[in-house]
Amino acid sequence: MTDRIPFIAGNWKMNLNIDESVNLVNATLKGMRDLEDVDVLIAPPFTALSAVKQATGKSRILLAAQNMYSETSGAYTGEISGKMLREAGCTHVILGHSERRSLFKETNEMIDLKVRAAVALGFIPIVCIGESLEEREAGTTFEVLRNQLEGSLRNFIKEQFMPYDTILAYEPVWAIGTGLTATPGQAQEVHKFIREWVGKGFDSETADRVRILYGGSVKPDNISDLMSEEDIDGALVGGASLKADSFVQLIRFKEK
Ligand code: PGA
């Protein structure tokens, strides 16, 4: 089995101005000294990307956009293209976050187009899926997740190829920003299901290499238990990534 390097990502959502963003990055960089074998990524708001890129310099912090549009340019008022995000220094892009799906009505088809455009431009996509509380209570979790995977990754399925560095994120909607976390066992059950889905749809090498992050109220006091599960390769963190103190504790989870 491949040793998958842990991946800790901070999704700042619509928070922090440019100064606050740069301060947070600088404090995170300080906290990362001598950190080994963990990939660290942050996804600031669009307006702070360039300043954050400058602050990260040649450090190991990876930079992601929180969203992008599937077209490269044109009359799409209010949208931002992959080309623009690349210019701002992003290498990764979060796609299909549940807030995009629910608040901005993004469908699997739209997410699939974005994934396709992102990969064509050389981005590593972080594709999010997750069930709602009603869906979990109705016992349809796996069906919902399978539909999201099949719909959002349609192009990979058509091509019979998913790049090894693709990142999938399981974020149960009921755990995002609510303080409720899936238990490590609940999360592991889903992560195993996702990895098996990748194995069946592509091949065992891809399933072995693709990293699957957990997201939803990840905090310094629950990360170690989550990370000790076999198929949990990292975390996509919202609230706890907004303070250097908690984010540094998260990226240093191995030392806890
Ligand atoms: P949270 O958000 O850590 O604040 O629950 C996670 C996410 O939405 O990525």
Among the residues of the range 119-149, the number that are within 20 Å of MET68 (Cα to Cα) and open to solvent by 70 Å² or more (accessible area, probe 1.4 Å) is 1
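Identify, from the list ALA88, ALA117, ALA64, the residue that is more than 14 Å from the ligand (Cβ to nearest atom), touching a residue at least 24 places away in the same chain (Cβ under 8 Å) and over 28 Å from GLU143 (Cα atoms).
ALA88
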The condition of being open to solvent by 40 Å² or more (accessible area, probe 1.4 Å) and either of a type outside the set (A, V, I, L, M, F, W, C) or touching a strand residue (DSSP E or B) at 6+ places or on another chain (Cβ under 9 Å) (or both) holds, among ARG116, ARG195, only for ARG116
By residue number, the members of the range 124-177 that are within 16 Å of the ligand (Cβ to nearest atom), among the β-branched types (Val, Ile, Thr) and assigned to a helix (DSSP H, G or I) are VAL173
Counting only residues that are surrounded by fewer than 17 Cβ atoms within 10 Å (Cβ to Cβ) and touching a residue at least 40 places away in the same chain (Cβ under 8 Å), the range 104-113 contains a total of 2
Restricted to the range 71-83 and to residues being touching a residue at least 12 places away in the same chain (Cβ under 8 Å) and open to solvent by 80 Å² or more (accessible area, probe 1.4 Å), the residue farthest from ALA55 (Cα to Cα) is GLU71
For THR166, the lone unmet condition from (1) more than 15 Å from the chain's Cα centre (by Cα); (2) modelled with pLDDT of 95 or more is (1)
Condition set open to solvent by 10 Å² or more (accessible area, probe 1.4 Å) and hydrophobic (A, V, I, L, M, F, W, C), scope the range 6-23, selection farthest from LEU226 (Cα to Cα): answer is ILE18
ARG101 meets each of (1) surrounded by 22 or more Cβ atoms within 10 Å (Cβ to Cβ); (2) within 16 Å of the ligand (Cβ to nearest atom); (3) among the basic types (Lys, Arg) with one exception, condition (1)
Condition check for ASP225: within 16 Å of the ligand (Cβ to nearest atom), out of contact with any Phe, Trp or Tyr (no Cβ under 8 Å at 6 or more places or on another chain) and not in a helix (DSSP H, G or I): no
Residue pairs within 6 Å by beta carbon, gap of at least six or interchain, first lying in the range 229-256 and outside any helix (DSSP H, G or I) and modelled with pLDDT of 95 or more, second more than 16 Å from the ligand (Cβ to nearest atom) and open to solvent by 30 Å² or more (accessible area, probe 1.4 Å), listed first then second, are ASP231/LYS192; ASP233/ARG4
Right, ALA207: surrounded by 17 or more Cβ atoms within 10 Å (Cβ to Cβ), assigned to a helix (DSSP H, G or I) and either on the phi > 0 side of the Ramachandran plot or more than 16 Å from the ligand (Cβ to nearest atom) (or both) or not? yes
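The values are calculated or read from the model by the stated rules, or taken from the named source; none is laboratory data. All figures in this text were calculated on a predicted structure; none of them were measured in a lab. Ideal geometry is used to build each Cβ from the backbone, glycine not excepted, and the neighbour counts take in all protein chains shown. Accessible surface areas use protein heavy atoms only, side chains included; no ligands, DNA or RNA. Shrake-Rupley method; radii C 1.70, N 1.55, O 1.52, S 1.80 Å.
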